[in-house]
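Here is the structure we will look at, set down as structure tokens.
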Amino acid sequence: MDWVTILILLLGIYILAAAYVKATGKFADHIGFYGPIMMIKTENVGVFDWFRPYSRLLRVYGTVGVVMVIISAVLMTLMLVFAFNVTLVTQPEPTGIYKPQNILLLPGINEYVPSTLAVWFAFFLTLVIHEAGHGILCRIEDIKVKSAGLLYAVIPIGAFVEPDEEDAERVRGWPKARMLGAGITNNIVIGGICFVLFILVVGMATPLNTPAVYGVYEGGPAYDAGLPTPSVITEVNGVPVATRDEVTAALNATSPGDSLSLTVEKDGVLTDRTLNLTAWPEAITAQVGPRSSGYMGIYYYDAASVQGMVGQMFSPIGWLRFVTIPFDMSVGGQQLKVLAFETPAAAYYEEPFPFFWGVVHFLFWSAWININVGIFNAIPMVPLDGGYILKEGVDRVLEPRGWGRYGQAIVTFVSWVLLSMMLGLIALPYLLHI
């Protein structure tokens, strides 16, 4: 069953459920409608009180979280300024990551975030643990929680916790900042845990030495011969091969100008191609040394190299590679796609347990979405959590000095500046190419 069929079924269920609730009035205390969005809520929120015996520990957790939010806010602000400046200087075309729909972190709408079960589970988990953080810290700081629930429109798209407004307004300073920052803290912490688990689980797979042709270089012999990709080499000059080493041994016996017959398998279909080998390009020999054999112009899928890159993701460069996996179009980035997407490259590993790649994809997207949602919410701009924390901090600094009336103006100014830069990142690629 494909995703279109699933969405049609979910839409049908949603329409029938909405019609039944509106016609009968049943469950009116728990189900409401705001346009096309169904709100499913409960006032039975005692689950948040389970954490009150751990108030001291959770206050420490919340305080550390506020510090983490402040650091994230500063870094995100600097990144926005840097990205805005780069956009002005480089004037990128309004394609790829600069398309408006790719700014939104919505599976299936953002072309770099697939609409798969792993992504939707990760997306929904992110929303739930964010709101759970607010709910738990509300009770730790003696703020009543009126209700909690889900927002639903064909598929679950949100979660919410509704604190008592009078209690929330009464709380000031660090207690309020801890409550406001708890969702971000949860996202970053859970994202970090999933990131570590993701690296550990990927390391459990056994990379295979399959002669998998993942791509061909434009203008090379394989490109000219129309060698299909991705595919697996099964024979070289009629001799069966099973590993890249066997293909290399056969290639080493050739010279530029020779012909090489390859049999490759793609989607269960065998294809024969004859390659007219050439000399190795200088750009390659400058890196790997002189080669006297013929040049095919292919690059393999290197499963061991992918695992090596995953093992280095604790470093700053590795972390950047992790963050950019969904939209990295480089050769290395394309090989890493197996970590987040359903690709043929999964066949080039020996899986340690059933549903291995489903687990890997869930952990990847749980880490990626949680961390991105967390640091985005830290931007000091209302209505994001970081904006309300900024407002609380500004009020606490200005009010004792009698300047409290300026607090709202400062926060509004900062919010509009940051919002303008964010909108500029979307609009400038279009405006600069009119």
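Within the set of pairs 6+ apart or on separate chains, which have a first residue in the range 376-389 that is in contact (Cβ under 8 Å) with a residue 24 or more places away in the chain, a second that is open to solvent by 10 Å² or more (accessible area, probe 1.4 Å) and not in a helix (DSSP H, G or I), and C-beta atoms under 7 Å apart?
Cβ pairs passing all conditions: N377/L384; G386/P380; G387/P380; G387/M381; Y388/V382.
Of all residues in the range 228-272, which are open to solvent by 30 Å² or more (accessible area, probe 1.4 Å), of a type outside the set (V, I, T) and part of a strand (DSSP E or B)?
Answer for the range 228-272, where residues must be open to solvent by 30 Å² or more (accessible area, probe 1.4 Å), of a type outside the set (V, I, T) and part of a strand (DSSP E or B): E235, P240, S259, S261, E265, K266, L270, D272.
Which numbered condition trips up A347, out of (1) open to solvent by 50 Å² or more (accessible area, probe 1.4 Å); (2) within 25 Å of A122 (Cα to Cα); (3) free of Cβ contacts under 8 Å to residues at least 60 places away in the same chain?
Here A347 clears every test but (3).
Would the range 277-289 turn up any residue that is among the acidic types (D, E) and outside any loop (DSSP other than H, G, I, E, B)?
Among the residues of the range 277-289, at least one is among the acidic types (D, E) and outside any loop (DSSP other than H, G, I, E, B), which makes the answer yes.
Looking at (1) at pLDDT 70 or above; (2) surrounded by fewer than 12 Cβ atoms within 10 Å (Cβ to Cβ); (3) more than 25 Å from the chain's Cα centre (by Cα); (4) of a type in the set (F, W, Y), can you tell me which one F82 breaks?
Among (1) at pLDDT 70 or above; (2) surrounded by fewer than 12 Cβ atoms within 10 Å (Cβ to Cβ); (3) more than 25 Å from the chain's Cα centre (by Cα); (4) of a type in the set (F, W, Y), F82 violates only (3).
Mind checking which residues of the range 196-228 are of a type in the set (S, T, Y) and touching a Gly at 6+ places or on another chain (Cβ under 8 Å)?
Y217, Y223
Residues G318, G332, G297, G308: which one is on the phi > 0 side of the Ramachandran plot and among the small types (G, A, S)?
G297
When both residues are 6+ apart or on different chains and their Cβ atoms are under 9 Å apart, which pairs have a first residue that lies in the range 42-66 and is surrounded by fewer than 16 Cβ atoms within 10 Å (Cβ to Cβ), and a second that is among the polar types (S, T, N, Q) and in a helix (DSSP H, G or I)?
V64/T185
Among the residues of the range 342-393, how many are among the hydrophobic types (A, V, I, L, M, F, W, C), within 30 Å of Q408 (Cα to Cα) and under 20 Å from the mean Cα position of the chain (by Cα)?
Qualifying residue count for the region: 7.
Just give me the residues in the range 14-36 being open to solvent by 90 Å² or more (accessible area, probe 1.4 Å), hydrophobic (A, V, I, L, M, F, W, C) and modelled with pLDDT under 70, in sequence order.
F27
The values are calculated or read from the model by the stated rules, or taken from the named source; none is laboratory data. Please read all numbers here as calculations on a predicted model, not as lab measurements. Positions of Cβ are generated from backbone atoms using ideal geometry, with glycine treated the same way; all protein chains shown enter the neighbour counts. Heavy atoms of the whole protein, side chains included, go into the accessibility calculation; ligands, DNA and RNA do not. Shrake-Rupley method; radii C 1.70, N 1.55, O 1.52, S 1.80 Å.
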